[in-house]
Amino acid sequence: MRGEKENPDSGTTIFHGLIGGDLDASEKTDERMIDESRVILAAGTDTTARALAVITYHLLADPMRLKKLKSELDAALPDPDALPMCSQVETLPYLVRFLRFPHP
Ligand code: HEM
């Protein structure tokens, strides 16, 4: 990341936002950044792991759902190596219905 080495305050992480933003200098301490990291780690790991585990369970418990979802995803995202944009997946009708309870 050449640009970041040249100017450590420029970039796109939450830390760049905090350090480059209009917080008072007293808020831009290493301690504050470490606290923010802890919040993100704590809030983002178990929640995501649990959601993925529940989704996986429901898909494996019902092969028809898995099949429908796979065909929708295969058709909409033919290149498995290309990371899709959020806007590409949030409008897929079966995926969206599947993620909302009660299940279709
Ligand atoms: C399926 C995954 C997730 C679920 C179900 C979930 C759920 C929630 C819920 C219910 C809240 C409280 C919202 C409120 O009361 O205003 C929340 C807040 C928060 N979540 Fe998540 N979350 C998920 C993933 C993540 C991830 C991946 C991150 C970060 C990488 C994250 C970071 C946060 C943070 C920082 C807050 C506090 C926001 C604030 O300051 O108001 N969450 N989350």
Check your understanding: Would it be correct to say that Asp79 is in a helix (DSSP H, G or I) and either at positive phi or not assigned by TED's automatic domain parsing to the domain that holds Ile19 (or both)?
Key -> no
Practice item. Might you check whether a residue that is outside any helix (DSSP H, G or I), assigned by TED's automatic domain parsing to the domain that holds Ile14 and under 30 Å from Phe15 (Cα atoms) occurs anywhere in region 29-46? Key: yes
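Just give me the residues in region 67-90 being touching a residue at least 12 places away in the same chain (Cβ under 8 Å) and either more than 16 Å from the ligand (Cβ to nearest atom) or of a type outside the set (A, V, I, L, M, F, W, C) (or both), in sequence order.
Step one: list which residues in region 67-90 are touching a residue at least 12 places away in the same chain (Cβ under 8 Å), which gives 68-69, 72-73, 76-77, 88-89.
Hits for region 67-90 are Lys68, Leu69, Glu72, Leu73, Ala76, Leu77, Gln88.
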Review point. Restricted to region 33-66, and to residues that are away from the ligand (no atom under 14 Å from the Cβ) and of a type in the set (D, E, K, R), which residue is surrounded by the fewest Cβ atoms within 10 Å (Cβ to Cβ)?
Key: Asp62
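The values are calculated or read from the model by the stated rules, or taken from the named source; none is laboratory data. Bear in mind the structure is a predicted one, so any value in this text is a computation, not a measurement. Note that we place each Cβ from the backbone using ideal geometry, even for glycine, and neighbour counts take in every protein chain shown.
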